[in-house]
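So the structure is just underneath, and the comments pick up after that.
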Amino acid sequence: MKVNLKANYPDVGLLIIRVGLGIMSIYHGWPKITGGPEQWENIGQAMGVFGIHFLPAFWGFMAALSEAGGGFLLILGIFFRPACIFLFITMVVAASMHLNQADELLKGLSQASHAIKAAVVYLGLMLSGPGGIRFSSK
């Protein structure tokens, strides 16, 4: 099979992005899910940046589930846009927490850069959709 490098393969490109991001999201999210209520509460305290101080374990679990479950849904290409929305929100909260905790802007940007990059990609994927190679007919 000859691959035409001048051809446009958007579905293959989106699949590669989905699988790569999905694997890394699961990699980051699964230990958070299995960490239990103490870890969920610690993660959920990041919502304090937005003045939300109630139910930190719930928010932490939702962040972990968004990462691990959202990563799995990204790979499969099902419930794609809702997964991207939850992943985007999770990354915005993470970036905001890092920016808020830093004592200077450049240090904060350095700490938040991973979450900011991921948020941009999840937002772009939400707008573009999963592409044609997926387990969903929609």
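One table, with the values for the structure above:
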read-out	value
Selection count where residues are touching a residue at least 24 places away in the same chain (Cβ under 8 Å) and among the β-branched types (Val, Ile, Thr), scope segment 43-53	1
The listed residue being in a loop (DSSP other than H, G, I, E, B) and touching a helix residue (DSSP H, G or I) at 6+ places or on another chain (Cβ under 6 Å), out of Gly132, Gly71	Gly132
Condition check for Ala57: surrounded by 14 or more Cβ atoms within 10 Å (Cβ to Cβ), touching a Leu at 6+ places or on another chain (Cβ under 7 Å) and without any contact (Cβ under 8 Å) to a residue 24 or more places away in the chain	no
Residue identified as more than 12 Å from the chain's Cα centre (by Cα) and within 20 Å of Leu127 (Cβ to Cβ) among Pro56, Pro37, Pro10	Pro10
Positions within segment 89-122 being closer than 20 Å to Gly13 by Cα and surrounded by 18 or more Cβ atoms within 10 Å (Cβ to Cβ), in sequence order	Ala118, Ala119, Tyr122
Number of the exception - Phe86 against (1) free of Cβ contacts under 8 Å to residues at least 12 places away in the same chain; (2) not in a loop (DSSP other than H, G, I, E, B)	(1)
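Let's see how each residue does on (1) part of a helix (DSSP H, G or I); (2) over 14 Å from the mean Cα position of the chain (by Cα); (3) free of Cβ contacts under 8 Å to residues at least 60 places away in the same chain:
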position	(1), (2), (3)
Gly29	yes, no, yes
Glu41	yes, yes, yes
Ala112	yes, no, yes
Ala119	yes, no, yes
Leu125	yes, no, no
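Rule-based calculations on the coordinates, nothing more; no lab input. Remember, predicted model here, so these are calculated numbers, not experimental data. With ideal geometry, Cβ positions are generated from the backbone for all residues, glycine too; neighbour counts draw on all protein chains shown.
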